[in-house]
Every structure is written in structure tokens, then in C-alpha cells.
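Input: a single structure, listed below in C-alpha cells.
The values are calculated or read from the model by the stated rules, or taken from the named source; none is laboratory data. Every value quoted in this text rests on a predicted model; they were computed, and no experiment measured them. Here Cβ is always computed from backbone atoms with ideal geometry, including for glycine, and neighbour counts include all displayed protein chains. Each accessible area value is taken on the protein alone, full model and side chains, heavy atoms only, with ligands, DNA and RNA left out. Shrake-Rupley method; radii C 1.70, N 1.55, O 1.52, S 1.80 Å.
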Amino acid sequence: MRIKKIGVVGAGTMGAGIAALSASAGVPVVLLDIPGKDDRNEVVKKGLERAQKSKPASFMDKARVSLIETGNTEDDLKKLSDCDWVIEAIIEKVEPKRELYSKLESTLRPTTVISSNTSGIPMKTLLEGRSEAFKKRFLGTHFFNPPRYLHLLEVIPTPETDPKVVELIKDFGERILGKGIVLAKDVPGFIANRLGVYGMIQAIRIMEEFGLTIDEVDALTGPLLGRPNSATFRTADLTGLDVLKLVSEELAHTTGEDFSIPAWVLDLIAKGALGEKTGVGFYKRQGKDILTLDYKTGEYQPQEKLRTAELGALKDAPLAEKLRGVLKLSGKHGEFMRKLFAVTAHYTLSKAPEIAYDITAVDHALEWGFGWQEGPFKNMDAVGLDTVRQIFSEHKLAEPDLLKKTKDSFYKHGKLLGFDGSYRSIPVRTDTIALAPLKSSGKVLSETKDSALVDLSDGVALFEFRTKMGTLGDGLVRDLNKALDWIEANNYAGLVIGHEDPRTFTAGANLALVLSVAQEADWDTLNMATMQFQNTAMRLRQSPFPVIIAPFGLTLGGGAEFTLHADRVQAHAELYMGLVEVGVGLIPAGGGTKEMLFRFTKELEAYEQADFFEAVRRAFQMIALAQTSTSALEAKNMGFLRHGDRISMNRDRQIADAKACVLGLAPDYLPQLPMKIRALGADGLGNLRYALWQFQEAGQASEHDVRIGQELAYVLTGGDGPSREVTEQDILDLEREAFLKLLGTRKTQERIAHTLKTGKPLRN
Ligand code: NAD
């Protein structure tokens, strides 16, 4: 069975978010909510509107809202009858959910899969009164908020769920929706919330016990533990204190454990201080400032960042060192950390066998659902199990059974500890490629401090960036050329360019280097370096084998230019790509300006009456406004990605997808032939100059903006002569000249220096 259409009931935060994600993936959706009073569909429409306006955006492409058909649960249940999977995301109460399932049972096709997005109600409770046939195709699918951005999808089968249904949803969730799947047991709160919320509540209580402040706890429980900057309290503010209360009450009720929240937090909720959505919670926004709650007085005070020599020494250490270091902190900070570690690690060890099928599921749940760099079992291994035992005994906690079963560590030489006490092999996935195991098994073909060439087998190698933020300097460009030589000399099928940083593919060219050479006025060196960069971009396309680039996250400037020149792009869905050079007073001169001009012009060549100025205008606008995509879909709409470029919804699959692309192209690969177009010359240039003058008159462009705009216009029109036929090299030469001229100006140098210092653009 294939999932071709999805139904979602409940168009609130989660339902509308799941619908937006599915539509972004290209899957049509039917979205229903309760009927409204005047307009029968007003509730669903409002829910969908909220998703369209949400920040960060729920849709990867706004236009994809057209894939969502709306309706209400009284008039339109029949619309669900051709859906292959219906997800219930209505109010977190048992009765309405059961009522809905009863209606669905009589309306849906017998093969439709039905799942609940409940955050914690066990499936067996929800399934009371349902037939055996219904139970077979029912399971829990717990998305995290916001569904587009949080990687985790907990899948919760019951003993009755047909294993084929579980496989179908796991596979679809993973490939099409791009989620990280964790199989959880059918228990209250499943894995991530049970442990995550427990940890959060304990942090609040232990803070009170040792008299720490909210600022101190957030400084101690964020990046220092390999967790997000939002740490404990800012995360709670982002989630919503009301949501935290609901989930903890439900957990207390269903588990019988103590999930109670301190009275002062309940007071905040009663006052409507719910966190980010109300502008006030544990933190409060005041103009540009953020104030922190002093929970002892109820007053908000200016933030006091915790800075101590001990913390400073740990700040940039590897995670394992930080984790060991925080447990040795002096004074109340150390006491706080040790107690928090003791109770949360103890709880994790005691509950893991009851809530999960293995320890990896527990680690992934916290990594993907709560943004931890490494999950709790990896954390315990890093701290050392003897230390863990010692801290338990200091806090009078008995050694949990699972810890008794370990030998030295939970993970060891490719094996992991099973709940039965035996060590078993960590399942190796054959459908994804992770670089770490390849590197540790001797698959590195060559490496420098800037890059590595890794053998992906089957005649495909991967060129990995190792520079900070993937910046492209001399060394990396040289290495890339050597890698291209190597592929050719060794008759490999082709090359993938990619790496595994969580956020940034590349911030672009190494500006610090460019600025220092410009300040020495060493124009020959700069000319040669720019030419070398352009030649490398062109080589990606002209090599006698396919080169596939696999960008993700930030892909800027020179990095975007390399991306534009690969034979195919295998992009991750979250792609923030832009030719942003004007921000630092330059124009793209690694082939980016040339490429947009040629690409947009070629698109118009099929039309007899085409006005080629449209292509020039489009490229000019994109570069002059430094337009950046907010997803791969948007990058496609903008023209950064071509029709044949592909999108991996799941980051974990991207390198394997790129390798498959090389192998698909390799057998009959021939490089793209050189291109020519007709440049518009003086006529086109005049039009753009006039537009620039208008911007300046309207106060929308500074004098230097206009200068940059004029250089850009000159390149895009092929100069101020008559219209003429130009090669790619002609425009590359103009690009380079303009780039060097701008680099010679004081204002461009000021822009670069400012950006290097502050990370922000300067409008001078
Ligand atoms: P919400 O309050 O934002 O939205 C619920 C929607 O369901 C509303 O639009 C409401 O009108 C509709 N609804 C209520 N009863 C209905 C019924 N009988 N038939 C059809 N529609 C009905 O809630 P939410 O935050 O989107 O949560 C939805 C589900 O997802 C809950 O089970 C919740 O526990 C779970 N969940 C929430 C989060 C989160 O962070 N908000 C995260 C994971 C899971």
C-alpha cells in the first residue's frame, strides 16, 4: 500500500502544522475541524490561516496550501474516505477522541490507517470499544511542535497493530515527511515527554532547593550539557507553561508518579504568564530587553548572565569533558548539577525498559525531540559509569537494575546493552550513509585540516568541508581540485560534495582572507584567487564524471555558487540559500552572476517573443536584494535549484540520496556543453541604471548601493557596447573585474570588516 493522501482531524497547533508539513512534502491533505457557527468551516479556516502566518513558517512553500482541502467533522467526514492515513490531532481528552474514532470506523475504507497525535494518553485507553479490525490499523504517531522543525516522530504501535501498518507509517514518516522515527511503548508520555518533562520539573525543584536563580539554571543546563541555548526555562517559555502544566498533570494522573509543579509556577499560569505566546513567563520581554523572573519575589529583574572562571574553562571543551566538568563544579552550582544528574539519570535508567525497546530509542528521543547533542545513555557513558554509581550513592539512590547489567559502558565497539543484559550489535542501516563509521573503518582517501575525501564505495567518493562554518578559502579550493583530479585518475563514477554539520553547509568565501589581501592592495593575488574560484566552479560541471552537491541549512555566497555549478543538487528540504555578496559590498564573482544570467536567459529562449531583459531583471533583483530561500522548495521557485535538482526531506538520507544520484547519472554521463547567449549591452544597461537612479531618488539605496548595483548591471548586460553574443567566460571575466573594483573601494572594505566583526551587514 502507498500513502497518496492524508487526512488530519483537528486544525489546531499540531493538526495544521502536520497538514502544512505533508503539503510541503507534496502530499494532498484533507483537514477537518469542528463546525463553526456562521460559516461551517470557520474553525478549520482559522486554524489553517494561523499555520500560514506562523513564525517560523509551517509551510516550506506558501503556495502548497492549495494541496489542503478543508471541511468540518459534521458535513465532511466522507472527504476522508479516499485518504490512506488519517491522523487525529484534536483536543487532549479521551471522550472526544473515542467518539471521533467511532465515527471514523463507520466512514473510512477498511484499509485506511488511523493514528492519534496524543502527547501522552495510552492507545489502549483510546481504543476502548473499537473492533479488532480497527485496532489492527491503529497506532500512535506523536509529532513534536512545530512539526516542520522538530525531527522526532514517536511511533507507538499496540500489540494489536498490524506490523505492516507500523512499517508503512515508519517508512512514510521517515522518507516523505523527513522525520526521525523512534518506536515507543504504549505507556503514558511515551519516551521523550516522560523523560524530558521529568527533567524539566526536577530542574525547577532542585533550583529552589539550592537557591539558584533562573539565569543560573539556564546557564548550567544549556550548551554546557550539549543542549539547546534555550536550556530549561526558555524552552518552557517556548513550549508554553500551560502546555507544560497539562502534560505534567496528565503524566501524574496516568503514571501515579510525582510530576507536580511548584506553586509559584502555577501562579504564573493562573496570571496568564504562559511564556513566549503571551510575551511573559519565566522571562519577560520589555522593549529590546529580556528580564528574568525572580521567583522568590515575583518581580522581573534585568538578566544576569552567569560567568565564572570554571564555566569559562569548560565553554569550548568537547562535550564529554563538559559533562564531566559540570559535575565537579564548586559550591552550589556543583551541588545543583550533581543532584539534577543523579535524579534524572536514575529515572532514565529505571524507566527505560518500561517505555522503550532499546537505549538508542531513548537517546534519539531526547536528541530529536529536545535538541540534545547526545542522549542520556551517551551522556552517562561520557561521564563514566563508576562516576554515575558514585553520584547515586552520594544521593542515597539504589543502583538501578539496568546499570547493574553493564560492563563499563552502554555502547561499546559497535555494540549496545540490551535491556536483557546482553550486548548486541548496533543495527547498521544500509539505506543511509553516516560518515563517522566510514572514517573509522579506513575509508578516508585523503585529508587535510580543511577537507577530506571519503570513499562511499561503488566508485563514489565524498568531498567533505572541514573548515569553520564551511568557509571556502584557498586551502579548501585547492583540495577540491585535487579531489576532482583523483576521481578522474582513479576512474571513479563520480563525486558527492557534502558534510554533516547540523546547521551550516557553507557561509561562503573566507572574507577575512579576502579583506587582508585587499588591504595590502595585492590585486594580482586576488585576481588569481578569484579566477581559481571561478575555474573550480566551472570544473564541477565540466569534469568528465557527475558531481552532485548536497547542501543544507545556510548555503551562502561562494557556497551557493558552487551549488549552482554542480551537475545536480541533492538539497535538504531546509535550505537557506542566497547570493548575499552585496551585503558586504561585492557581487557574486565565483560564477554566480554569470550562472543566474545564463540560466534565466536560457529559460526564455524557447519563446519566440521573449523579452530577454526579463531574465536580466530577474537575476539583477535576486542578487541586488540578496534574496535568500527559506526552504529548498522556495530555492526551486526562485531558480537556485533547477527542475532536475532533488530534495531530500530527511537529512539523514541526504548523502545516500546524493550517492544514488551519482550512480544514476554515471553510466551515460557527458558534461554539459559550453553555452552562449545574447547579452543586451547598452540598452539593457540603461534600463537598469534608470531603475537604480529611481531607488536612490526614493531614498531606498545609498550611494554605495548604487555603485554596487551599477557594477552588477554592467556584468549582467555584458557591458555598455552593442548587444552581442557572449560566452560564459566573457561574463566570468566581467564578474571578476567588477568584484576587484568594488573590493578596492573603502566602503566595501568597511562593509566586510563590519560583517566580520558583528556578523551583520552594514549599509554605508
Ligand atoms: P489545539 O487546541 O491547538 O487544537 C485542537 C483542535 O482540535 C482545535 O482546533 C479544536 O477545535 C479541534 N477539536 C477539538 N475537538 C474536536 C473534535 N471533537 N473534532 C474535531 N476537532 C476537534 O491542540 P494541539 O496543541 O494542536 O493538540 C492536538 C493534539 O496533539 C492533542 O492530542 C495534543 O496532546 C497533541 N500534541 C500537542 C503538542 C503541542 O505542543 N501543542 C505536541 C504534541 C502533541
Report task. Scan the range 1-25 and report the pairs whose first residue is closer than 14 Å to residue 47 by Cβ and whose second residue is near the ligand (Cβ under 9 Å from one of its atoms) and of a type in the set (Phe, Trp, Tyr), with Cβ atoms within less than 6 Å and a gap of 6+ or a chain change. Result -> 18/143
Query - Test for residue 189: is it at positive phi, more than 21 Å from the chain's Cα centre (by Cα) and open to solvent by less than 10 Å² (accessible area, probe 1.4 Å) - result: yes
Requested in this report: Those residues that are within 30 Å of the chain's Cα centre (by Cα) and either of a type in the set (Gly, Ala, Ser) or surrounded by 11 or more Cβ atoms within 10 Å (Cβ to Cβ) (or both), I need them from the range 305-314; list them, please.
Outcome: 306, 311, 312, 313, 314
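Let's see how each residue does on (1) outside the structural domain of residue 651 (by TED's automatic domain parsing); (2) more than 23 Å from the chain's Cα centre (by Cα); (3) surrounded by fewer than 17 Cβ atoms within 10 Å (Cβ to Cβ); (4) within 12 Å of the ligand (Cβ to nearest atom):
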residue	(1), (2), (3), (4)
44	yes, yes, no, yes
47	yes, yes, no, yes
61	yes, no, no, no
68	yes, yes, no, no
Query raised in the report: Within the range 96-116, is there a residue that is open to solvent by 50 Å² or more (accessible area, probe 1.4 Å), more than 10 Å from the ligand (Cβ to nearest atom) and under 33 Å from the mean Cα position of the chain (by Cα)?
Result: no
Query raised in the report: Which residue pairs have Cβ atoms closer than 7 Å, lie 6 or more positions apart in sequence or on different chains, and pair a first residue in the range 62-77 that is under 12 Å from residue 103 (Cα atoms) with a second residue that is within 16 Å of the ligand (Cβ to nearest atom) and assigned to a helix (DSSP H, G or I)?
Result: 77/103; 77/107
Requested in this report: Would you check if there is a residue in the range 130-149 being away from the ligand (no atom under 16 Å from the Cβ) and either open to solvent by less than 10 Å² (accessible area, probe 1.4 Å) or β-branched (Val, Ile, Thr) (or both)?
Outcome: yes
**Report entry** residue 27 vs. criteria more than 15 Å from the ligand (Cβ to nearest atom) and surrounded by 15 or more Cβ atoms within 10 Å (Cβ to Cβ)
**Finding:** yes
Requested in this report: Answer yes or no as to whether residue 673 is out of contact with any Cys (no Cβ under 6 Å at 6 or more places or on another chain) and outside any loop (DSSP other than H, G, I, E, B).
Outcome: no
Query raised in the report: Within the range 234-267, how many residues are more than 20 Å from residue 300 (Cβ to Cβ), touching a Pro at 6+ places or on another chain (Cβ under 9 Å) and open to solvent by 60 Å² or more (accessible area, probe 1.4 Å)?
Result: 1
Query - Cross-chain or 6+ apart pairs with Cβ under 9 Å, the range 253-272 first and under 16 Å from residue 236 (Cα atoms), then open to solvent by less than 40 Å² (accessible area, probe 1.4 Å) and among the hydroxyl-bearing types (Ser, Thr, Tyr) - result: 259/198; 259/248; 260/248; 261/248; 262/295; 264/295; 265/295; 268/295
Query - Within the range 709-740, considering residues that are out of contact with any helix residue (DSSP H, G or I) (no Cβ under 6 Å at 6 or more places or on another chain) and of a type in the set (Val, Ile, Thr), the one most open to solvent (accessible area, probe 1.4 Å) - result: 727
Query - Residues within the range 434-474 that are open to solvent by 30 Å² or more (accessible area, probe 1.4 Å), aliphatic (A, V, I, L, M) and out of contact with any Ser or Thr (no Cβ under 9 Å at 6 or more places or on another chain), tallied - result: 4
